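See below for the structure under consideration.
The values are calculated or read from the model by the stated rules, or taken from the named source; none is laboratory data. Note that the structure is a prediction, hence the values are computed from the model and not measured. Ideal geometry is used to build each Cβ from the backbone, glycine not excepted, and the neighbour counts take in all protein chains shown. The area values use the complete protein model at the heavy-atom level, side chains included, leaving out ligands, DNA and RNA. Shrake-Rupley method; radii C 1.70, N 1.55, O 1.52, S 1.80 Å.
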Amino acid sequence: MIQSMTGFGKSILQLPSKKITVEIKSLNSKNLDLNARIPSQYREKELQLRNKISRELTRGKVDFSVYVEVTGEETTSAVNSAAIKKYMTQLREIHPASDVDLLQMAVRMPDAFKTEREEIDEDGFKAIEEAVDEALREINDFRSAEGKALEEELEQRAENIQNLLRQVIEMDPERIAGVRERLQKGVAELKENVDENRFEQELIFYIEKFDITEEKVRLENHMDYFLKTLQSSDSNGKKLAFISQEMGREINTIGSKSNYAPMQQLVVQMKDELEKIKEQLLNVL
(Lines give C-alpha, C1' and ligand atoms only; values in the text may rest on other atoms or scores of the structure.)
Protein backbone atom coordinates (compact mmCIF):
# COMPACT_ATOMS: atom_id res chain seq x y z
CA MET A 1 0.00 0.00 0.00
CA ILE A 2 1.34 3.41 -0.92
CA GLN A 3 1.65 6.33 1.47
CA SER A 4 1.29 10.04 0.89
CA MET A 5 4.09 12.41 1.84
CA THR A 6 1.48 14.83 3.18
CA GLY A 7 0.56 14.39 6.83
CA PHE A 8 0.16 15.92 10.27
CA GLY A 9 0.68 14.53 13.75
CA LYS A 10 0.31 16.13 17.17
CA SER A 11 0.80 15.01 20.75
CA ILE A 12 0.28 16.96 24.00
CA LEU A 13 2.14 15.94 27.15
CA GLN A 14 1.01 17.37 30.51
CA LEU A 15 3.73 17.31 33.20
CA PRO A 16 3.31 18.57 36.80
CA SER A 17 4.67 22.04 36.03
CA LYS A 18 4.62 22.35 32.24
CA LYS A 19 2.75 21.38 29.10
CA ILE A 20 4.74 20.08 26.14
CA THR A 21 3.24 20.02 22.65
CA VAL A 22 4.88 18.10 19.81
CA GLU A 23 3.78 18.76 16.21
CA ILE A 24 5.03 17.11 13.01
CA LYS A 25 3.90 18.28 9.58
CA SER A 26 5.09 16.94 6.22
CA LEU A 27 4.70 17.93 2.56
CA ASN A 28 6.06 16.39 -0.62
CA SER A 29 9.76 16.63 -1.46
CA LYS A 30 12.26 14.59 -3.48
CA ASN A 31 14.24 13.74 -0.35
CA LEU A 32 13.96 14.20 3.41
CA ASP A 33 14.13 17.88 4.35
CA LEU A 34 13.73 18.11 8.13
CA ASN A 35 13.33 21.46 9.87
CA ALA A 36 13.29 21.35 13.70
CA ARG A 37 12.21 23.99 16.20
CA ILE A 38 13.16 22.97 19.72
CA PRO A 39 13.50 25.02 22.94
CA SER A 40 17.10 25.82 23.84
CA GLN A 41 17.15 23.55 26.90
CA TYR A 42 16.56 20.51 24.66
CA ARG A 43 19.07 21.40 21.91
CA GLU A 44 21.57 18.80 23.01
CA LYS A 45 18.94 16.14 22.30
CA GLU A 46 18.02 17.50 18.86
CA LEU A 47 20.16 15.01 16.90
CA GLN A 48 18.61 12.10 18.79
CA LEU A 49 15.10 13.33 17.94
CA ARG A 50 16.07 14.01 14.32
CA ASN A 51 17.33 10.45 13.92
CA LYS A 52 14.10 9.07 15.36
CA ILE A 53 11.99 11.10 12.90
CA SER A 54 14.27 10.30 9.94
CA ARG A 55 13.84 6.57 10.51
CA GLU A 56 10.05 6.88 10.37
CA LEU A 57 9.60 9.57 7.71
CA THR A 58 12.01 8.69 4.92
CA ARG A 59 10.93 11.40 2.45
CA GLY A 60 9.17 14.74 2.50
CA LYS A 61 9.60 18.31 3.70
CA VAL A 62 9.08 17.82 7.44
CA ASP A 63 8.52 20.53 10.06
CA PHE A 64 9.08 19.28 13.62
CA SER A 65 8.21 21.54 16.56
CA VAL A 66 8.33 21.22 20.34
CA TYR A 67 6.50 23.88 22.38
CA VAL A 68 6.96 24.16 26.16
CA GLU A 69 4.44 26.08 28.26
CA VAL A 70 5.10 26.53 31.99
CA THR A 71 1.87 25.86 33.88
CA GLY A 72 3.13 25.63 37.47
CA GLU A 73 5.37 27.65 39.75
CA GLU A 74 8.51 26.46 38.03
CA THR A 75 10.62 29.23 36.50
CA THR A 76 14.14 29.51 35.18
CA SER A 77 14.39 33.26 35.93
CA ALA A 78 15.81 34.61 39.21
CA VAL A 79 16.32 38.08 40.67
CA ASN A 80 19.88 39.30 40.22
CA SER A 81 20.20 40.85 43.70
CA ALA A 82 23.78 42.05 43.28
CA ALA A 83 22.99 43.90 40.05
CA ILE A 84 19.86 45.52 41.49
CA LYS A 85 21.68 46.75 44.64
CA LYS A 86 24.44 48.21 42.49
CA TYR A 87 21.90 49.99 40.28
CA MET A 88 20.14 51.43 43.37
CA THR A 89 23.44 52.74 44.78
CA GLN A 90 24.37 54.43 41.51
CA LEU A 91 20.87 55.93 41.09
CA ARG A 92 20.94 57.29 44.66
CA GLU A 93 24.21 59.11 43.89
CA ILE A 94 22.59 60.74 40.86
CA HIS A 95 19.32 61.71 42.53
CA PRO A 96 18.19 61.01 46.13
CA ALA A 97 14.96 59.05 46.30
CA SER A 98 13.17 56.52 48.44
CA ASP A 99 14.22 52.86 48.29
CA VAL A 100 10.86 51.95 46.71
CA ASP A 101 11.35 54.41 43.84
CA LEU A 102 14.96 53.31 43.35
CA LEU A 103 13.90 49.65 43.31
CA GLN A 104 11.23 50.33 40.69
CA MET A 105 13.85 51.93 38.46
CA ALA A 106 16.52 49.27 39.12
CA VAL A 107 14.35 46.29 38.11
CA ARG A 108 13.92 47.87 34.69
CA MET A 109 17.65 47.90 34.07
CA PRO A 110 19.47 45.25 31.98
CA ASP A 111 20.47 42.06 33.80
CA ALA A 112 18.10 42.78 36.70
CA PHE A 113 16.93 39.21 36.22
CA LYS A 114 19.10 36.26 35.27
CA THR A 115 18.00 33.09 33.51
CA GLU A 116 19.45 29.92 34.90
CA ARG A 117 20.08 27.13 32.44
CA GLU A 118 17.71 24.25 33.15
CA GLU A 119 19.30 20.83 33.08
CA ILE A 120 17.44 18.16 31.15
CA ASP A 121 15.56 15.72 33.32
CA GLU A 122 16.07 12.30 31.72
CA ASP A 123 12.64 11.12 32.87
CA GLY A 124 11.09 14.23 31.39
CA PHE A 125 12.94 13.77 28.11
CA LYS A 126 11.81 10.14 27.95
CA ALA A 127 8.24 11.43 28.19
CA ILE A 128 8.99 13.84 25.34
CA GLU A 129 10.28 10.93 23.24
CA GLU A 130 7.02 9.11 23.88
CA ALA A 131 5.13 12.21 22.73
CA VAL A 132 7.23 12.25 19.55
CA ASP A 133 6.43 8.55 19.00
CA GLU A 134 2.72 9.30 19.37
CA ALA A 135 2.94 12.20 16.89
CA LEU A 136 4.79 9.92 14.45
CA ARG A 137 2.09 7.26 14.74
CA GLU A 138 -0.53 9.91 14.06
CA ILE A 139 1.25 11.34 11.01
CA ASN A 140 1.84 7.82 9.61
CA ASP A 141 -1.88 7.06 10.01
CA PHE A 142 -2.62 10.33 8.21
CA ARG A 143 -0.18 9.42 5.43
CA SER A 144 -1.72 5.97 5.04
CA ALA A 145 -5.24 7.40 4.78
CA GLU A 146 -4.09 9.93 2.18
CA GLY A 147 -2.19 7.14 0.41
CA LYS A 148 -5.34 5.04 0.16
CA ALA A 149 -7.12 7.87 -1.66
CA LEU A 150 -4.10 8.35 -3.94
CA GLU A 151 -3.98 4.63 -4.68
CA GLU A 152 -7.62 4.56 -5.75
CA GLU A 153 -7.13 7.49 -8.10
CA LEU A 154 -3.92 6.08 -9.59
CA GLU A 155 -5.61 2.73 -10.20
CA GLN A 156 -8.50 4.48 -11.93
CA ARG A 157 -6.17 6.51 -14.14
CA ALA A 158 -4.15 3.41 -15.03
CA GLU A 159 -7.31 1.48 -15.89
CA ASN A 160 -8.40 4.37 -18.10
CA ILE A 161 -5.13 4.11 -20.03
CA GLN A 162 -5.59 0.34 -20.34
CA ASN A 163 -9.09 0.85 -21.76
CA LEU A 164 -7.78 3.39 -24.26
CA LEU A 165 -4.98 1.01 -25.23
CA ARG A 166 -7.52 -1.73 -25.92
CA GLN A 167 -9.32 0.68 -28.24
CA VAL A 168 -6.01 1.40 -29.99
CA ILE A 169 -5.41 -2.34 -30.47
CA GLU A 170 -8.90 -2.84 -31.87
CA MET A 171 -8.45 0.13 -34.20
CA ASP A 172 -5.03 -0.89 -35.50
CA PRO A 173 -6.16 -3.21 -38.35
CA GLU A 174 -8.51 -0.48 -39.57
CA ARG A 175 -5.63 2.02 -39.45
CA ILE A 176 -3.33 -0.25 -41.50
CA ALA A 177 -6.08 -0.87 -44.04
CA GLY A 178 -6.57 2.90 -44.32
CA VAL A 179 -2.86 3.46 -44.89
CA ARG A 180 -2.81 0.81 -47.62
CA GLU A 181 -5.89 2.28 -49.28
CA ARG A 182 -4.42 5.81 -49.30
CA LEU A 183 -1.21 4.61 -50.89
CA GLN A 184 -3.00 2.61 -53.56
CA LYS A 185 -5.25 5.56 -54.31
CA GLY A 186 -2.25 7.84 -54.57
CA VAL A 187 -0.52 5.53 -57.05
CA ALA A 188 -3.74 5.19 -59.10
CA GLU A 189 -4.04 8.96 -59.37
CA LEU A 190 -0.57 9.09 -60.90
CA LYS A 191 -1.96 6.99 -63.79
CA GLU A 192 1.26 5.07 -64.01
CA ASN A 193 1.76 1.39 -64.56
CA VAL A 194 3.68 -0.08 -61.67
CA ASP A 195 5.20 -3.41 -60.94
CA GLU A 196 2.70 -4.99 -58.57
CA ASN A 197 5.33 -7.10 -56.81
CA ARG A 198 7.62 -4.13 -56.33
CA PHE A 199 4.71 -1.99 -55.16
CA GLU A 200 3.69 -4.65 -52.63
CA GLN A 201 7.24 -4.83 -51.27
CA GLU A 202 7.43 -1.06 -50.90
CA LEU A 203 4.00 -1.06 -49.31
CA ILE A 204 5.03 -3.66 -46.74
CA PHE A 205 8.20 -1.70 -45.96
CA TYR A 206 6.21 1.52 -45.54
CA ILE A 207 3.59 -0.09 -43.31
CA GLU A 208 6.31 -1.68 -41.15
CA LYS A 209 7.58 1.83 -40.37
CA PHE A 210 4.18 2.56 -38.84
CA ASP A 211 3.85 -0.77 -37.03
CA ILE A 212 3.15 -0.26 -33.30
CA THR A 213 3.04 -3.90 -32.20
CA GLU A 214 6.16 -3.61 -30.01
CA GLU A 215 4.95 -0.38 -28.44
CA LYS A 216 1.56 -1.90 -27.60
CA VAL A 217 3.18 -4.93 -25.96
CA ARG A 218 5.66 -2.83 -23.98
CA LEU A 219 2.95 -0.42 -22.83
CA GLU A 220 0.79 -3.35 -21.67
CA ASN A 221 3.76 -4.72 -19.72
CA HIS A 222 4.49 -1.32 -18.17
CA MET A 223 0.85 -0.96 -17.14
CA ASP A 224 0.83 -4.40 -15.49
CA TYR A 225 4.09 -3.59 -13.68
CA PHE A 226 2.72 -0.23 -12.52
CA LEU A 227 -0.40 -1.81 -11.01
CA LYS A 228 1.66 -4.60 -9.43
CA THR A 229 4.03 -2.08 -7.85
CA LEU A 230 1.05 -0.06 -6.65
CA GLN A 231 -0.17 -3.11 -4.71
CA SER A 232 3.24 -3.98 -3.19
CA SER A 233 3.74 -3.90 0.58
CA ASP A 234 6.11 -0.92 0.49
CA SER A 235 5.47 2.59 -0.80
CA ASN A 236 7.90 3.48 -3.59
CA GLY A 237 6.94 6.70 -5.33
CA LYS A 238 10.27 6.99 -7.15
CA LYS A 239 9.83 3.55 -8.72
CA LEU A 240 6.28 4.35 -9.80
CA ALA A 241 7.50 7.63 -11.30
CA PHE A 242 10.14 5.77 -13.31
CA ILE A 243 7.56 3.31 -14.65
CA SER A 244 5.27 6.19 -15.61
CA GLN A 245 8.14 7.72 -17.64
CA GLU A 246 8.48 4.44 -19.55
CA MET A 247 4.73 4.42 -20.15
CA GLY A 248 4.96 7.95 -21.53
CA ARG A 249 7.74 6.93 -23.92
CA GLU A 250 5.60 4.18 -25.46
CA ILE A 251 2.50 6.38 -25.67
CA ASN A 252 4.48 9.10 -27.45
CA THR A 253 5.88 6.59 -29.94
CA ILE A 254 2.41 5.22 -30.68
CA GLY A 255 1.24 8.78 -31.31
CA SER A 256 4.10 9.58 -33.67
CA LYS A 257 3.61 6.34 -35.63
CA SER A 258 -0.18 6.26 -35.73
CA ASN A 259 -0.67 8.55 -38.76
CA TYR A 260 -4.39 8.12 -38.16
CA ALA A 261 -6.58 10.84 -36.64
CA PRO A 262 -8.95 8.61 -34.60
CA MET A 263 -5.97 6.82 -33.02
CA GLN A 264 -4.19 10.09 -32.32
CA GLN A 265 -7.26 11.26 -30.42
CA LEU A 266 -7.00 8.18 -28.21
CA VAL A 267 -3.29 8.89 -27.69
CA VAL A 268 -4.10 12.45 -26.55
CA GLN A 269 -6.51 11.02 -23.96
CA MET A 270 -3.85 8.56 -22.80
CA LYS A 271 -1.36 11.42 -22.38
CA ASP A 272 -3.90 13.38 -20.36
CA GLU A 273 -4.46 10.44 -18.00
CA LEU A 274 -0.70 9.90 -17.68
CA GLU A 275 -0.10 13.56 -16.76
CA LYS A 276 -2.65 13.24 -13.98
CA ILE A 277 -0.84 10.13 -12.75
CA LYS A 278 2.48 11.98 -12.70
CA GLU A 279 0.93 14.89 -10.76
CA GLN A 280 -0.35 12.53 -8.07
CA LEU A 281 2.94 10.61 -7.91
CA LEU A 282 4.64 13.79 -6.70
CA ASN A 283 2.82 13.20 -3.37
CA VAL A 284 3.63 9.48 -3.07
CA LEU A 285 6.27 8.45 -0.51
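One line per residue, one yes/no per condition, for (1) among the small types (Gly, Ala, Ser); (2) open to solvent by less than 90 Å² (accessible area, probe 1.4 Å); (3) touching a residue at least 60 places away in the same chain (Cβ under 8 Å); (4) over 30 Å from VAL217 (Cβ atoms):
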position	(1), (2), (3), (4)
GLU129	no, yes, yes, yes
LEU150	no, yes, yes, no
VAL179	no, yes, yes, no
LYS185	no, no, no, yes
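State all residues of segment 108-137 that are of a type in the set (Val, Ile, Thr) and modelled with pLDDT under 80; if no residue qualifies, say none.
THR115, ILE120
Okay, residues lined up against (1) polar (S, T, N, Q); (2) out of contact with any strand residue (DSSP E or B) (no Cβ under 8 Å at 6 or more places or on another chain); (3) in contact (Cβ under 8 Å) with a residue 40 or more places away in the chain:
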{"residue": "LYS228", "(1), (2), (3)": "no, yes, no"}
{"residue": "GLY237", "(1), (2), (3)": "no, no, yes"}
{"residue": "PHE242", "(1), (2), (3)": "no, yes, no"}
{"residue": "ASN252", "(1), (2), (3)": "yes, yes, no"}
{"residue": "GLN280", "(1), (2), (3)": "yes, yes, yes"}
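Might you let me know whether segment 79-101 holds any residue that is in contact (Cβ under 8 Å) with a residue 24 or more places away in the chain and either in a strand (DSSP E or B) or loosely packed, with under 13 Cβ neighbours inside 10 Å (or both)?
Within segment 79-101, one or more residues are in contact (Cβ under 8 Å) with a residue 24 or more places away in the chain and either in a strand (DSSP E or B) or loosely packed, with under 13 Cβ neighbours inside 10 Å (or both).
Would you mention how many residues in segment 225-275 are open to solvent by 60 Å² or more (accessible area, probe 1.4 Å), more than 19 Å from ILE2 (Cα to Cα) and not in a helix (DSSP H, G or I)?
Counting residues in segment 225-275 that are open to solvent by 60 Å² or more (accessible area, probe 1.4 Å), more than 19 Å from ILE2 (Cα to Cα) and not in a helix (DSSP H, G or I) gives 1.
Does at least one position in segment 189-211 carry a residue that is at pLDDT 90 or above and either part of a helix (DSSP H, G or I) or surrounded by 11 or more Cβ atoms within 10 Å (Cβ to Cβ) (or both)?
no
Please go through segment 230-285 and give me each residue that is in contact with a Gly (Cβ under 9 Å, 6 or more places away or on another chain) and β-branched (Val, Ile, Thr), ordered by number.
Selection gives VAL267, VAL268, VAL284.
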